[in-house]
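Structure record follows, encoded as structure tokens.
The values are calculated or read from the model by the stated rules, or taken from the named source; none is laboratory data. Note that this is a predicted model, so its numbers are computed, not measured. Glycine gets a Cβ as well: all are built from the backbone with ideal geometry, and neighbour counts include every protein chain shown.
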Amino acid sequence: MTAARAITCPACGGTIEVRAAGFSVNLACVHCGSLLDVSRPEVVLIERHAEAARAYALPLGTRGVLYGDEWAVVGATLRSDGEASWQEFLLFNPYRGYRWLVLFEGDWQFGTPLTDRPQGDGVRIVWRGEGYAAVSDPTVTTNQAVAGEFYWRLAAGDTAQCTLFERGDEVLSRECTADEENWTHLVPLPGALIAEAFGPAPTQPGRRRSAPQGFSAAGAKPQRETGDRDDLVWMFGLATITAIVALFAMVLLAGPVSVVTGRIQVPVGSRTQPERIGTITVTRPYQFVTITADTDNFHNRWVDLDYSLVDRATQQSTDAYGLVEYYTGTDSDGAWSEGSHRTETMISRVPRGTYDVYVGAEAHGWPSDPVQTPDAWYGTETISVKIDARTGAMSWGMWVTLLLGLLAWPGLILWWRNREDD
Amino acid sequence: MPVRGAALPYATCPYCQTLILHDARGVEEVGKVAVLPFDVSPIQLGTVLRPGDQRLTVVGRVRWAWSGGSWNEWLAQADDGTPCWLGEAAGLYMLTVEAQQWLDLPELRDFVAGGPIAPGLAVQLGARRLVASDIKEVECLGSEGDLPLPTQVGTRMASIDFRGTEGEVLSLQRDGRGASAWFGASWDLAGLRATNLRAIAGWTLPKDLQ
Amino acid sequence: MTSRLIVFALWCAALLIGSVYSTYHAYSFYSDDADRPSASGAGGGPRHK
């Protein structure tokens, strides 16, 4: 036999537990906020809502020990007297009945319903031989929101006439509705005790509740929130460490570096024969070879570069290509430019060996090649290209990919949580 | 099916939910009663209560509903056979014994004759003054165990509670067969020194109730 | 330590091993081997409009 009765919300179809089955009359669905009548075997929808459950300082279903007895938080309501608003929680223990927890501006009170009605009315009353003085005139208190289950028909918008009577820090509260008068004895409770009793909030598998607010007023935060946040901090830490370790490993595995540089002159409007720049050596089983082409300034020209790495031992050639282009002009939006005077080409999986680096090139003008005047004074227009070929570079693209893969997971969780908090 | 005390002529068969009347003429099937809806009441058939120097055993239960909810009335029998009703609502208890003499109060004559009772009506029971605080039309939801009255689903009655300043209560009932009066006090489980309570999964029976 | 943190740690380890392995073999998703830009329509003029 379980201690709770499971029902299905007729409004949203969600499964809800009735924790005080047999006692509870009203239940606000935790999923959609709809108000249900659970007093009879058949569940009846009283009022349909589609608002998410409000964040209360104590999550519904949380259990804690106060004054030696275990209590389950079964109901929560947000109340207001027009000036201030506060939260009240209904506690239940099947062997002890109901109690109240009131959270007013960070202070907690524990309330016990009275069966023996105080004597007297108005300003001064007597209860169990002690006098209590009225603190204020009766004020109208409104239930602004209701969540969970109650043993009477409580709905958002319900009002009651409330009067408080004090004796030291003990309070007797009288609440009158049209057909009922209820008395509650309230004593102050340190927030630390609440945190100690209800701090470890329950984890409900497969059901998320947004992080409760206001609990910090009691001096602590529920475990669930901190647990989740900590877990996320760990994830980011782990991702950072992995990224750094990977960076070191990739740099170490990419080296050592062997460099050769040279310069070629490319006449605009024609192509040059492959020219040997120099020799580089791949000393690991495989290395990347990056070839950078850097040109002097030009406008509206492009240079095609054909690279060949020729293995000295086998005369096998590995080919790659580069393109340097730069254009400027003016159109209806104003001046524009496109391209760059520099390009980098990365050749992967170059096996161990010694390579001669050959570069052939072809340069052209845009929109057309300049008219070649074999003028003795100016000569033919050429573009000077500085070539840098080297081994031992690492692939930054691969490292950035790793970084994205590492951060995607915690980042997604963070995004999801922020979205939920809104 | 064991049929207990002759003072309790009605019994609910726990297997087929049939309400049975047994008297001098034999055993007669009265009708079906509903399976009681699940609740987390700590009381069960067989629970023993020791308020003061009495010893009461719970032998039956009726579940009543009103427009605003429902509650249990447990029938507890003293060792000498005196029946008591233990009302259970919102985790609080009311233990009453029959006190028909109060039906003769002039303020209640109208009620006995079938009239209504106004909220706030005060009655004087000896030195105590009690005020009508709870006036309900109730309907039976179901029953279990041995009972002095037939409890088919839908059985209706009027139920009125008068309360005093020290938790004392006068409970009046009126159905088609007539009116009855019950007098007693408010209790909690610890005060009733209840034993043989129902074990409720997920909850620990408090030490003082073991 | 939550179970999803353990799963995440395994994921980190897998990515790390993958990076080290690809670097050892000098493999990259972003290398420029044999894709000639001019052959695929590059070169020969601006493409900004």
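Against the definition (in the same structural domain as residue A:76 (by TED's automatic domain parsing) and either closer than 19 Å to residue A:98 by Cβ or in contact with an Asp or Glu (Cβ under 6 Å, 6 or more places away or on another chain) (or both)), how does residue A:164 come out, yes or no? Walk me through how you get there before you give the answer.
Numbers: in the same structural domain as residue A:76 (by TED's automatic domain parsing): yes; either closer than 19 Å to residue A:98 by Cβ or in contact with an Asp or Glu (Cβ under 6 Å, 6 or more places away or on another chain) (or both): no.
For residue A:164, the condition - in the same structural domain as residue A:76 (by TED's automatic domain parsing) and either closer than 19 Å to residue A:98 by Cβ or in contact with an Asp or Glu (Cβ under 6 Å, 6 or more places away or on another chain) (or both) - is not met.
Look at residue A:304 and say whether it is surrounded by fewer than 22 Cβ atoms within 10 Å (Cβ to Cβ) and of a type in the set (Asp, Glu). Write out each step before concluding.
Values: surrounded by fewer than 22 Cβ atoms within 10 Å (Cβ to Cβ): no; of a type in the set (Asp, Glu): yes.
Spelling it out, it is not the case that residue A:304 is surrounded by fewer than 22 Cβ atoms within 10 Å (Cβ to Cβ) and of a type in the set (Asp, Glu).
Hey, among the residues in segment B:134-164 that are free of Cβ contacts under 8 Å to residues at least 24 places away in the same chain and not in a strand (DSSP E or B), which one's surrounded by the fewest Cβ atoms within 10 Å (Cβ to Cβ)?
B:154
Considering each residue of segment A:67-86, count those that are surrounded by 21 or more Cβ atoms within 10 Å (Cβ to Cβ) and within 32 Å of the chain's Cα centre (by Cα), and give that number.
Looking only at that region, the number is 7.
Of the numbered conditions (1) modelled with pLDDT of 85 or more; (2) outside any strand (DSSP E or B), residue A:266 satisfies every one except a single condition; which is it?
(2)
Take the residues of segment A:218-257 that are at pLDDT 85 or above and β-branched (Val, Ile, Thr): which is nearest to the chain's Cα centre (by Cα)?
Result: A:240.
Please specify each residue of segment A:317-351 satisfying the condition of being surrounded by 12 or more Cβ atoms within 10 Å (Cβ to Cβ) and outside any strand (DSSP E or B).
Listed by number, the list holds a single entry, A:341.
Say whether the condition of being aromatic (Phe, Trp, Tyr), free of Cβ contacts under 8 Å to residues at least 60 places away in the same chain and within 12 Å of another protein chain (Cβ to nearest Cβ) is met by at least one residue in segment A:359-371. Show your work before the answer.
Quick first cut of segment A:359-371, residues aromatic (Phe, Trp, Tyr) only: A:366.
Restricting the remaining residues to those that are free of Cβ contacts under 8 Å to residues at least 60 places away in the same chain gives none.
Within segment A:359-371, none of the residues are aromatic (Phe, Trp, Tyr), free of Cβ contacts under 8 Å to residues at least 60 places away in the same chain and within 12 Å of another protein chain (Cβ to nearest Cβ).
If I filter segment C:21-49 down to residues being over 15 Å from residue A:403 (Cβ atoms), modelled with pLDDT of 85 or more and outside any loop (DSSP other than H, G, I, E, B), which single residue comes out as farthest from the other protein chains (Cβ to nearest Cβ)? Steps first, answer last, please.
Start the filter on segment C:21-49 by keeping residues that are over 15 Å from residue A:403 (Cβ atoms), which leaves C:21, C:24-27, C:31-49.
Filter once more, so that each one left must be modelled with pLDDT of 85 or more: C:21, C:24-27.
Next, from what is left, pick out any that are outside any loop (DSSP other than H, G, I, E, B): C:21, C:24.
Numbers: C:21: 9, C:24: 5 Å.
Among residues in segment C:21-49 that are over 15 Å from residue A:403 (Cβ atoms), modelled with pLDDT of 85 or more and outside any loop (DSSP other than H, G, I, E, B), the one farthest from the other protein chains (Cβ to nearest Cβ) is C:21.
Being of a type in the set (A, V, I, L, M, F, W, C) and touching a Lys or Arg at 6+ places or on another chain (Cβ under 9 Å) is the filter; apply it to segment A:103-134 and report the residue that is nearest to residue A:149 (Cα to Cα).
Going through segment A:103-134, the residues of a type in the set (A, V, I, L, M, F, W, C) turn out to be A:103-104, A:108, A:110, A:114, A:123, A:125-127, A:133-134.
This time we only want the ones that are touching a Lys or Arg at 6+ places or on another chain (Cβ under 9 Å), so: A:110, A:125, A:127, A:133-134.
On the way: A:110: 19, A:125: 32, A:127: 30, A:133: 32, A:134: 31 Å.
So, considering only residues that are of a type in the set (A, V, I, L, M, F, W, C) and touching a Lys or Arg at 6+ places or on another chain (Cβ under 9 Å), the one nearest to residue A:149 (Cα to Cα) is A:110.
Please specify each residue of segment A:307-334 satisfying the condition of being over 23 Å from residue A:269 (Cβ atoms) and within 43 Å of the chain's Cα centre (by Cα).
Hits for segment A:307-334 are A:333, A:334.
In segment A:289-302, is there at least one residue being more than 9 Å from every other protein chain (Cβ to nearest Cβ) and free of Cβ contacts under 8 Å to residues at least 60 places away in the same chain?
Yes - at least one qualifying residue is present in segment A:289-302.
Can you tell me how many residues in segment A:121-153 are within 14 Å of chain B (Cβ to nearest Cβ), within 51 Å of the chain's Cα centre (by Cα) and either on the phi > 0 side of the Ramachandran plot or surrounded by fewer than 19 Cβ atoms within 10 Å (Cβ to Cβ) (or both)?
Count: 2.
Any residue in segment A:244-263 that is charged (D, E, K, R) and buried (at least 19 other Cβ atoms within 10 Å of the Cβ)?
From segment A:244-263, those charged (D, E, K, R) are A:263; that's our starting set.
Okay, now just the ones that are also buried (at least 19 other Cβ atoms within 10 Å of the Cβ), so none.
Checked against the condition, which is being charged (D, E, K, R) and buried (at least 19 other Cβ atoms within 10 Å of the Cβ), segment A:244-263 yields no hits at all.
Taking segment A:1-36, which residues are part of a strand (DSSP E or B) and either within 12 Å of another protein chain (Cβ to nearest Cβ) or within 26 Å of residue B:64 (Cα to Cα) (or both)?
The first filter runs over segment A:1-36 and keeps only residues part of a strand (DSSP E or B), leaving A:5-8, A:15-18, A:26-28, A:35-36.
Passing the criteria: A:5, A:6, A:7, A:8, A:16, A:17, A:18, A:26, A:27, A:28, A:35, A:36.
Return the residue satisfying two criteria in turn: it lies in segment A:390-422 and is surrounded by 14 or more Cβ atoms within 10 Å (Cβ to Cβ), closer than 24 Å to residue A:254 by Cα and small (Gly, Ala, Ser), and of such residues it is modelled with the highest pLDDT.
A:405
Is segment B:161-180 home to any residue that is closer than 27 Å to residue B:120 by Cβ, among the small types (Gly, Ala, Ser) and touching a Leu at 6+ places or on another chain (Cβ under 7 Å)?
Checked against the condition, which is being closer than 27 Å to residue B:120 by Cβ, among the small types (Gly, Ala, Ser) and touching a Leu at 6+ places or on another chain (Cβ under 7 Å), segment B:161-180 yields at least one hit.
Can you name the number of the only condition in (1) out of contact with any Lys or Arg (no Cβ under 9 Å at 6 or more places or on another chain); (2) within 12 Å of chain A (Cβ to nearest Cβ); (3) under 18 Å from residue A:117 (Cα atoms); (4) surrounded by fewer than 19 Cβ atoms within 10 Å (Cβ to Cβ) that residue B:121 fails?
That leaves (2) as the condition not met.
For the subset of segment A:87-120 comprising residues that are small (Gly, Ala, Ser) and surrounded by 19 or more Cβ atoms within 10 Å (Cβ to Cβ), which member is farthest from the other protein chains (Cβ to nearest Cβ)?
Filtering segment A:87-120 down to residues small (Gly, Ala, Ser) leaves A:97, A:106, A:111, A:120.
Okay, now just the ones that are also surrounded by 19 or more Cβ atoms within 10 Å (Cβ to Cβ), so A:97, A:111.
On the way: A:97: 2, A:111: 13 Å.
Ranking the candidates gives A:111 first.
Hey, among A:343, A:328, A:318, which residue is over 24 Å from residue A:254 (Cβ atoms) and either more than 9 Å from chain C (Cβ to nearest Cβ) or of a type in the set (Val, Ile, Thr) (or both)?
Values: A:343 fails: over 24 Å from residue A:254 (Cβ atoms); A:318 fails: over 24 Å from residue A:254 (Cβ atoms).
Matching residue, one of A:343, A:328, A:318: A:328.
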